[in-house]
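Sending over a structure as structure tokens; questions will come in a sec.
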Amino acid sequence: MAKTAKAKVAPPDHLEVSLFDPEMDLLLRAGIGGLATTLRWIERSIQSEQYDEDDFPESWIDDGVPWELSSDKILFRFADPEKVEDVFKPIFQAAFGLCERTIDLQTTYLGKQQQSVRVNLQRGLMLTFLQHGKTRTGEKKDSELNIEIDGKSFQFSTRCLDWYKHQDGYQDLIDKKKGTLSQKSAELPGTLYPGAAVRHNGFAGQTKYEGSVSQLLAAYFAPIGTLALPINRGSAVLLVPDVQDLLLFADNRRKITPSSYRDCLIGGSGDAVLQLYARLRGDDTKQRLAVASVTAFVFRPTAWASQQKSRVAAEKIEPLDQRRLEIFRYAKDHFAPRKASRKVTVKTGKGKAAKSTEREEFFWSDSIVRPLIADNLAHRRDWFTGFTKLFVDRDPANGKPFRDRLPFERTGLIAMIKADVWDKPGQMALIGAVHHALRGRYGQIASETANQKAAMQNRFRGEYERWRLAFSGAKTADQFRHSICDLFSRVPANKELQANWTEVLPWLDESGWQHARDLALLALASYQGKGAKELAAAAEASEDADSASA
Amino acid sequence: MIGLYVTVPIASFRRGAAREYWETLPLPSPSTVYGFLLSMVGEVDRTCHIGARCTAGVIGHPDESTVLRKLWRIKDKKLGLGNGSNVRPDYQELLTDVRLVIWLDSSEEVTESEGTLQQRVAASLTTDGRSRISRFGGLSLGESTHMVDEVLPIQRAPELADESVRMFLLDKSGNFTLPVWVDHVGSSGTRNALGRLIEVGFEPPDVSRLPKIQDSKVLMTK
């Protein structure tokens, strides 16, 4: 029987990537947004003639770029369907670069990016997309780097890279034998789609996460369409905007990239998203970026997979209303990251030639209150909800109690309490009543221990610890009521309480006691000893003692 | 078209791409709803009612929580399921007090050997019809442990007039994709529908906006 020749099928001469393709989910839509951002950047570079001769093919400059970009799709046309690489290679090279051995996504910012920002954004990428060592080459350990910010030398640790997977991503889109566009479905591994792992490693071939060539292309550009920020050295947040209009997104993507190192500092997913919205001026988000919401995925090591950063939380956060935005602005102002310094002793030489030199090292210390407020506002809760956690929980990064850092937040807390942030009656009055009672107690102690400075300081500290434990340890409404009434009963003539007791009382019932507990501890953390000299000294002594224990 | 009122005390409708953190969808996807309806009428062949259109809407906002639970995955083929390295913990998002409205339309079904899915579902809601159904175990929506509490024709549902329903309906410029056909082996055969969560009442929606259940092979040859 004669063999029948297979009919030769012409290779595809175009590729359409549609934002509203049902197979594109949230991350892939953001990836299409990232692709559009890159294409728009190339178009602008050609128009303004700001490019090197080797950057783009001559035909793009003479005849126009081989794609059409519209608000809902991108259409690539291949003049030679057997040389698809000619189209994709320059696009990938423009998008994924390196600068000073650090990842440089030049289409996501305007002008020149600060090295400190680039270093921080690279850490975010390495905790999400580029976790695995095989996805990058370069040094195997972090290097210490001194970067000058505002005239002071700050130390950063960074991993110097020579290559990362996304730079050669165009090769996966192409049929290597024919040079045409690949027609097969391809794997979308964790490097391209963080969190989409193989379901059963025993059957890796059958249970991997797969997609078409357009899905693969979108996944490659996800780092451009999203924003990955580290929370600390071991965890990160991946912010995925819900892209609705490619042209608007491409024109405004650079606005969501932090422009200074200070803007890179985040304390959690809510904080990261609200800071992103703040950079877009919050209320205009929909018009400016064409996103309906931002979803934050948290990545960190787990007890059962400590070698990798697993996806452990996902939160969809919509833009805030005016009132919440106003409260977040206060929080940003009063709890901004601050520059701190520490003395470092460096030993050089051995034996008799050994020398010790001391130098001052600067670092950024971020607030622990702002992330809490941001999370609350993002979830439409009262801004102080869960303040008790700051007295109870430990920092997962170093295992130290959060409460040790509260004295450094006192100024911010006092300013926050005095700002226009109270919407419900009785909340401010409860804080005022606790402040009044504490002032009375400290006054009593000061008068009982006059001329005994050490005893006074000990008793002040003891008093603080007593109410800290009483409030934060209360597990029921009865326990909390007992504690707070105990405090109130020890000081006569609490004018704040006498004037507002009808408004304060509902906060002590079964449904409101946890809010009242948060408020009482907020009052304890924000208490400042005003009045007598002894009281002021006691407050300082108390703060010094707290700082020393930190 | 037929409407059902369904309540599930605890449920999780996992996203397909969520493989290490089991994130839940706010409501069951059309493919999950279809599977639930097949289970309800005792049908074991999932290709039997291709062409049916179905969707779900969630009433109110169910409470969300995250739990740490034991899951099995096959890492070592020699070991039994759920043994040794074939077990791992992971976080799972749960919804509690889930109340749903489900709409089903069978006017475009391909095969009608035993009646359409709509007819079979309607029959299963009658005392006489229910007694003729042969099926396995309890009725679940999503995972097999997520047992359904009640299924009622929407006309007999409790007072719903004041409630809002967020329903998944097709939209060409939507921002939400849900599977209409799941490839249980890989994922390349999984097919999705693009739509939006839209606030609606308890009246039947426009049939053309209900996602259609289609085998991936049919979709690919189209």
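The values are calculated or read from the model by the stated rules, or taken from the named source; none is laboratory data. As the structure is a computational prediction, the values presented were derived from the model and not from experiment. Every residue, glycine among them, receives a Cβ derived from its backbone with ideal geometry; neighbour counts consider all protein chains shown. All accessible areas refer to the heavy atoms of the entire protein, side chains included, with ligands and DNA or RNA removed. Shrake-Rupley method; radii C 1.70, N 1.55, O 1.52, S 1.80 Å.
Suppose we filter A:Gly432, A:Gly426 for residues that are within 26 Å of A:Cys485 (Cβ to Cβ), modelled with pLDDT under 90 and in the same structural domain as A:Ala499 (by the TED database); which single one remains?
Details: A:Gly432 fails: modelled with pLDDT under 90.
Result of the check over A:Gly432, A:Gly426: A:Gly426.
Got a number for residues in the stretch A:114-163 being in a loop (DSSP other than H, G, I, E, B) and of a type outside the set (A, V, I, L, M)?
Summing the residues that are in a loop (DSSP other than H, G, I, E, B) and of a type outside the set (A, V, I, L, M) in the stretch A:114-163 gives 13.
Within the stretch A:424-457, work out how many residues are free of Cβ contacts under 8 Å to residues at least 24 places away in the same chain and either in a loop (DSSP other than H, G, I, E, B) or buried (at least 19 other Cβ atoms within 10 Å of the Cβ) (or both).
3
Let me ask something else. Being on the phi > 0 side of the Ramachandran plot and β-branched (Val, Ile, Thr) is the filter here; which residues of the stretch A:473-510 pass it? Spell out the reasoning first.
Kept after step one, since they are on the phi > 0 side of the Ramachandran plot, are these residues of the stretch A:473-510: A:493.
Listed by number, the list is empty, since nothing qualifies.
Identify, by number, the condition in (1) open to solvent by 40 Å² or more (accessible area, probe 1.4 Å); (2) more than 30 Å from A:Val294 (Cα to Cα) that B:Arg196 doesn't meet.
(2)
Here are A:Ala30, A:Ala79, A:Ala95: which of them is surrounded by 17 or more Cβ atoms within 10 Å (Cβ to Cβ), more than 30 Å from B:Val182 (Cβ to Cβ), assigned by the TED database to the domain that holds A:Leu188 and not basic (Lys, Arg)? Spell out the reasoning first.
Working: A:Ala30 fails: more than 30 Å from B:Val182 (Cβ to Cβ); A:Ala79 fails: surrounded by 17 or more Cβ atoms within 10 Å (Cβ to Cβ).
Matching residue, one of A:Ala30, A:Ala79, A:Ala95: A:Ala95.
Any chance you could count how many residues in the stretch A:481-507 are in contact (Cβ under 8 Å) with a residue 40 or more places away in the chain and surrounded by 15 or more Cβ atoms within 10 Å (Cβ to Cβ)?
Here the count works out to 11.
Oh, and also: Going by what's in this entry, would B:Leu219 be described as modelled with pLDDT of 90 or more, within 14 Å of chain A (Cβ to nearest Cβ) and either open to solvent by 50 Å² or more (accessible area, probe 1.4 Å) or more than 19 Å from B:Arg99 (Cα to Cα) (or both)?
On the way: modelled with pLDDT of 90 or more: no; within 14 Å of chain A (Cβ to nearest Cβ): yes; either open to solvent by 50 Å² or more (accessible area, probe 1.4 Å) or more than 19 Å from B:Arg99 (Cα to Cα) (or both): yes.
No: the conditions fail for B:Leu219.
If you take the residues of the stretch A:183-210 that are among the hydroxyl-bearing types (Ser, Thr, Tyr) and crowded, with 19+ Cβ neighbours inside 10 Å, which of them is farthest from the other protein chains (Cβ to nearest Cβ)? Full working, then the answer.
So in the stretch A:183-210, the residues among the hydroxyl-bearing types (Ser, Thr, Tyr) come out as A:185, A:191, A:193, A:207, A:209.
After this cut, where a residue has to be crowded, with 19+ Cβ neighbours inside 10 Å as well, the list is A:191, A:193, A:207, A:209.
Working: A:Thr191: 14, A:Tyr193: 7, A:Thr207: 7, A:Tyr209: 5 Å.
The extreme case among them is A:Thr191.
So which residues in the stretch B:44-66 are within 15 Å of the chain's Cα centre (by Cα) and part of a loop (DSSP other than H, G, I, E, B), if there are any at all?
Of everything in the stretch B:44-66, those that are within 15 Å of the chain's Cα centre (by Cα) and part of a loop (DSSP other than H, G, I, E, B) turn out to be B:Arg46, B:His49, B:Ile50, B:Ala52.
Across the stretch A:93-108, what is the total count of residues that are closer than 12 Å to A:Leu121 by Cβ and of a type in the set (A, V, I, L, M, F, W, C)?
3
Testing A:Ser48 on (1) free of Cβ contacts under 8 Å to residues at least 24 places away in the same chain; (2) farther than 25 Å from A:Leu248 by Cα; (3) not β-branched (Val, Ile, Thr), one condition comes back false. Which one is that?
All conditions are met except number (2).
Among the residues of the stretch A:154-175, are any more than 10 Å from chain B (Cβ to nearest Cβ), basic (Lys, Arg) and either touching a strand residue (DSSP E or B) at 6+ places or on another chain (Cβ under 6 Å) or over 30 Å from A:Asp366 (Cα atoms) (or both)?
So the first thing to find is which residues in the stretch A:154-175 are more than 10 Å from chain B (Cβ to nearest Cβ), and the list is A:154-175.
Now drop any that are not basic (Lys, Arg), which leaves A:159, A:165.
Then keep just the ones that are either touching a strand residue (DSSP E or B) at 6+ places or on another chain (Cβ under 6 Å) or over 30 Å from A:Asp366 (Cα atoms) (or both); that gives A:165.
Checking the stretch A:154-175: at least one residue is more than 10 Å from chain B (Cβ to nearest Cβ), basic (Lys, Arg) and either touching a strand residue (DSSP E or B) at 6+ places or on another chain (Cβ under 6 Å) or over 30 Å from A:Asp366 (Cα atoms) (or both).
Taking helices (runs of 4 or more DSSP H) that fall entirely within the stretch A:361-422, which contain at least 1 residues that are surrounded by fewer than 16 Cβ atoms within 10 Å (Cβ to Cβ) and of a type in the set (A, V, I, L, M)?
Values: elements: A:369-378, A:389-392, A:410-418.
Qualifying helices (runs of 4 or more DSSP H): A:389-392, A:410-418.
Given the conditions (1) open to solvent by less than 40 Å² (accessible area, probe 1.4 Å); (2) more than 15 Å from B:Ala56 (Cα to Cα), report the number of the one that B:Glu159 does not fulfil.
All conditions pass for B:Glu159, except number (1).
Further, regarding this structure: If you check B:Pro211 against the conditions, is it within 14 Å of chain A (Cβ to nearest Cβ) and either modelled with pLDDT of 85 or more or out of contact with any strand residue (DSSP E or B) (no Cβ under 8 Å at 6 or more places or on another chain) (or both)? Don't jump to the end; show me each part of the working.
Details: within 14 Å of chain A (Cβ to nearest Cβ): yes; either modelled with pLDDT of 85 or more or out of contact with any strand residue (DSSP E or B) (no Cβ under 8 Å at 6 or more places or on another chain) (or both): yes.
Against the criterion (within 14 Å of chain A (Cβ to nearest Cβ) and either modelled with pLDDT of 85 or more or out of contact with any strand residue (DSSP E or B) (no Cβ under 8 Å at 6 or more places or on another chain) (or both)), B:Pro211 qualifies.
Further, regarding this structure: From the list A:Arg40, A:Arg44, which residue is away from chain B (no Cβ under 14 Å), exposed (fewer than 15 other Cβ atoms within 10 Å of the Cβ) and within 31 Å of the chain's Cα centre (by Cα)? If you could, list the steps in order and put the result at the bottom.
Numbers: A:Arg40 fails: exposed (fewer than 15 other Cβ atoms within 10 Å of the Cβ).
On inspection, the qualifying residue turns out to be A:Arg44.
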